[in-house]
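See below for the structure under consideration.
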Amino acid sequence: MIASQLNIPPALRSEKRSLSPAKHQFLLMLPDQAERDDLAGHLHHIADVFFAESTPQAIGILETHPVHLVIANGSAGDHGFCCYIKASSRYAHIPVIELIPRDSFNIRLQCLEAGVDALLEKPVSRHILLAQIDNLLTNRARIREHFVLSSHMDLSAVSPSVRADEELWKRLNQVIARHLSNGDLDIHLLARHLYMSRPTLYRKIAEMSNMTPSELITLIRLNNAATMLASPDHPIGDVAKMVGFTTRSGFGKAFQKRFQMTPSAYRQKALSAPPYIQNYLSVRRAPAAADKSI
């Protein structure tokens, strides 16, 4: 259930992900070996589990793996790792669960003040643990799906709620906008213009948007096309070329998959809407002036 709810809708899946959609990556920072083994037994069927015994070791795992959830020991009253995650623009979106003793008011209060997303009392029930994880990941999936399914989403809306890697995200947006009509726009071109290796950029895009580069580019192409179609200024074939599709048939199929209607039906519907709706739909999100440094 968790895996199916966390993934981006099927219409946007096109490239094979580095992480299997059936499994996530969880980080357990627990000092007790028996406790680690017990939780790993509960989680192995839904996640690849990484273990850390100290904050520096846990931070090292965060920096090298796309961690989807953290489970830590809150019993000792040391919530430094949670504070680090929630203060970091790169990791603040990761849900944190802390395990605490029963009837521990002070520890519970400290956890909440540190920004912990959920508290579970020891000994942890397997069913409650899995239900809590499902809730946390599902809520984050709903936020992503809201942006992905929004017909007129501004590009900035895809960026993570914590504005992770904001400068890189801004430059990425600029490069995509400048090359939107290029049908060959892909991870190779993006990496070249951003002076990054392809694997690093792929990982960064996945962290920031939970989409592959191809999914992100296609999403932006189609959203821009929808904005253009709301105005009668350009024939549908020209709109397809302006957003980087090489054939009208390919554009039509992609548009239908995203908006559940053909481009011509979308235009007809948009142009028959009340004037104030038409004005909203036809607002162009024009690329910024060319920046020769990009």
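Quick check, is residue 185 within 23 Å of the chain's Cα centre (by Cα), aliphatic (A, V, I, L, M) and modelled with pLDDT of 90 or more?
Numbers: within 23 Å of the chain's Cα centre (by Cα): yes; aliphatic (A, V, I, L, M): yes; modelled with pLDDT of 90 or more: yes.
Yes, satisfied.
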Selection within the range 255-269 - of a type outside the set (S, T, N, Q) and either modelled with pLDDT of 95 or more or out of contact with any Leu (no Cβ under 8 Å at 6 or more places or on another chain) (or both): 257, 261, 265, 269
Close pairs from the range 244-269: first among the basic types (Lys, Arg), partner assigned to a loop (DSSP other than H, G, I, E, B) and surrounded by 15 or more Cβ atoms within 10 Å (Cβ to Cβ), Cβ under 9 Å, at least 6 apart: 267/230; 267/231
Residue that is surrounded by the fewest Cβ atoms within 10 Å (Cβ to Cβ) [pool: residues in the range 176-232 that are in a helix (DSSP H, G or I) and among the β-branched types (Val, Ile, Thr)]: 200
Members of the range 233-243 found to be in a loop (DSSP other than H, G, I, E, B) and either in contact (Cβ under 8 Å) with a residue 24 or more places away in the chain or of a type in the set (Val, Ile, Thr) (or both), listed by number: 243
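Could you list all residues from the range 183-224 that are within 26 Å of residue 142 (Cα to Cα) and basic (Lys, Arg)? Spell out the reasoning first.
Taking the range 183-224 first, the residues within 26 Å of residue 142 (Cα to Cα) are 201-224.
203, 204, 221 - these are the residues of the range 183-224 that are within 26 Å of residue 142 (Cα to Cα) and basic (Lys, Arg).
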Some residue of the range 3-10 being assigned to a loop (DSSP other than H, G, I, E, B), over 19 Å from residue 130 (Cβ atoms) and at pLDDT below 80: yes
Scope the range 62-89; condition crowded, with 18+ Cβ neighbours inside 10 Å and under 22 Å from the mean Cα position of the chain (by Cα); matching residues: 62, 67, 68, 69, 70, 71, 82, 85, 86
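The values are calculated or read from the model by the stated rules, or taken from the named source; none is laboratory data. Quantities reported herein were computed from a predicted structural model and do not represent experimental measurements. No Cβ is skipped: glycine too gets one built from the backbone with ideal geometry, and neighbour counts run over all protein chains shown.
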